[in-house]
Structures are given as structure tokens and as C-alpha cells.
Amino acid sequence: MRALLLALLLASPAMAQDPRPSAPVFRYLHETKVTCGTIKDGAPLASGVYGTVVNVLNPHGASVTVSGALQLAHPPGQVTGGEGVTLDPFDLPGGRAFAVDCRTLRALHYPYGYPEPFIEGFLTLEALQPLVVTSVWTTGAATGKDVHLTSLDVDTVPPRAVEVPPVDPDWADGVESQDFCDRLAMSSVALTGRVVAQSYTFDEAPGEGPREVTRLEDVTVLAGAGAVVGGPVEVRLQRGLFPDGRFLDVSEMPVLSVGERYLLLLPNHGWRIEAVSMDDVLRIVSFGAREVLVDQSGFAVTDVDGGRSTDAVATQEQTFFAPTLTGAEPPVDAMEVADFVAAIDAAGCDGPVLSGPYTSYPLVTNGIEGVAE
């Protein structure tokens, strides 16, 4: 996020040459109340089933990077600082929307259940442009397995503007590609491969749960460690079936479709939810003689730091639905695989990149994330 702020601050030549004070730059915070779960004993609120849905729309013509955090008022009844968890930043295309609800928060951060039957706190969403955010709160009364709605409240969550401190241009030289360098530093290898099969597993061990296992063959290593040359390669994501038949799917998680070719950055670090992020999975789509890189929302990639085509060239990737072309042609500057490799070579990152082994399994011990067994 810091690199994104710097890139925006340095993007205008006038800012680098004009000694007059420039217009301030703001980040926008949308802060809303969250209540999730069940209360049976009338404390801290009335007995019932509580739910929250936060709808978020990007009303702008270009993508906006959205990040967030959930701050719990936990443990209940104690005047102490609660637990905080973050939502990974992701690019929300212009005109698109997403939702965060109790199931999303549980799947991302509490796959084995909330720390208490009822949780409350505040969800903060942050971006460099104001968003349209609406919260919906419901309460219900449980009768056996049925829940009957007793109240529903809807409210708009206005943005709170916070000025971004000015940046020293001398200190900020060369930071435009830092986001990409961060991704390369956290990756073992850049490769291409075709998805040939997917399966689902469930493991009660800490850090596992339902997993979608995607198998890629025809693997070509573009840069980085050579341990996966020739493949096959398996990629694990927190998606799949629970023993009781429920299916866990997380909208902010990448989708890989059987039969499609992808370019991936595979991690060299410990992880718990997903081996690869949305930004690190690009589909390779043929347009005549060109093989263009397309992001998870169906937009052609024009640079490695978030540049995308104005119009979607393919449908958004969704679980169980094969992506299709929209009929729109990719722009002239749409990236191909060779362009991505050239961007790696030209990144000029400080420190090692694309190094270390690919960590294909989550690293946990006794529920502690990031420690190998």
C-alpha cells in the first residue's frame, strides 16, 4: 500500500518540477460496525442470531486497490484491546462490487469457528478513492433449525478522508516497482502450466480444513527456482467441502479452471489460506497470434503494477464456471508471457527475488501459522 501511495504521489511531472505546494493526497477509510453469531443468554445484547453484510462498490472508471482490517471487541465484557485481523489488499475494477459478510470473515480468518459464539467489532475498508459502502445488519429468532428475521437495518457508510503525508522525492526514487518487487521477493518461481485436474480434500489438522487441489502439467519455468521444472505442480487453496456437505468458497480467492493455461508466481513463504493470491494468477488467452495475460476479473494486463485494459476481454473467473471471451479485443499494450519475463528482468529489485523452495503446503504447528511441523 505504501508503494501505491508513492507511485500516485510521484506520477505527475508537475509535482517533481513545480516548487509550489501540491494539492494534498488523501486515503479514504470506511468504518462500519460488525455483529456476527448467536446470543442465547441475553448478554451482551438480546438473545438472537446476528448477521452483517457490507456491500462495496467502486464507482470510478479505473481499478482501486482496497485493503481492510477487522478489529474485534474481544473478549466480550472486558475493557481491553481486542484481536485484529487484516484483509489482504486486492484490486477492485471500476464499476464492480463485492461483499464482506460473516461467512467471509469466518472463512478467511476463523475457518474452525469464531473465538466466541458471538463476535462484534469494526470493519475498516481503505482505498485511495472514496467507495460506495452500505452495511446491512439483521437479527433473527431461532426456532429449531429455522431462523426468522426480526429486524433489518441498512445504512450508508461515508468515507473518512485522512491526508497522506508528503513524500520526499529523493527518498522515493525507484519505488514505482516496489509492489512488484515485494511479490517477487515472496515468490519461489514464475511459471506457466495447464490445469489438468482438480480435487477436494478435508483435513481436521490445524491450518488445513477443506482444500481445493489443482494439478498443473506442461509446466515451463520462466524464472526462479528450478525444482519444479517439467512439473506436475499442485496448488492448494482453502476451498471445498466440509464433512457435513457445506461448500466453502471465498470470493477474493483466485480461481483456476480445468483446461486453461496460467502464469503463476508460487510462494516461498509460510501461508495458511491460499498458496497464491489473485494478483499472482494470470490466465493466458489466445487472440489470433497473440497470447495475452488476463487477470481474474477478465481484464487484459497492461503492466505488472496493476495496469489493466479499459474493457473486459473475458468473463470473470468463477468456481465451476469456465471463463469465456466477451468479444472485446485486448489493447495494443496488453502483456504477453515474454513481456512478464522482461518485467522481472527490468524490475531492479533490492534483495533476492524468486528464490527458495515452493511451499506447496501451509506451514503450521499446533495451530500456530508459519511454523513447519
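Throughout, read-outs are computed from the coordinates displayed, never taken from laboratory work. Since the model is a prediction, treat every value here as computed from it, not as a measurement. Here the Cβ positions follow ideal geometry from the backbone for every residue, glycine too, while neighbour counts run over all protein chains shown.
General observations
- Under a 5 Å amide H cut-off, with hydrogens placed 1.01 Å from N, Glu260 pairs with Val195 among residues at least 5 apart or on other chains.
- Inverse mean reciprocal Cα-Cα distance (Kirkwood Rh) of the range 248-300, Å: 12.3 Å
- Compared with the alpha-carbon gap, the fully stretched path from Lys33 to Asp101 is longer by 23.3 nm at 0.36 nm per residue.
- Approximate spin-label separation Asp311-Glu260, in nm, with each point projected 7 Å along Cα-to-Cβ: 2.0 nm
- Asn268 long-range amide H proximity, modeled H, under 5 Å: Ser187, Ser188, Thr359
- In the distance distribution for the range 195-335, Cα-Cα pairs more than 21 Å apart total 46 percent.
- FRET efficiency for the pair Ala338 and Ser67, taken as 1/(1 + (r/R0)^6) with r the Cβ-Cβ distance and R0 = 30 Å, rounds to 0.45.
- Annotation: peptides 92-98, 322-328, ranked by per-residue average of other Cβ atoms within 10 Å with the highest first, follow the order 92-98, 322-328.
- If R0 equals 45 Å, the separation of the Cβ atoms of Asp153 and Ala197 corresponds to a calculated FRET efficiency of about 0.45.
- Per-residue packing, averaged as other Cβ atoms within 10 Å, sorts the ranges 288-294, 116-122, 182-188, 198-204 into the order 182-188, 116-122, 288-294, 198-204, beginning with the highest.
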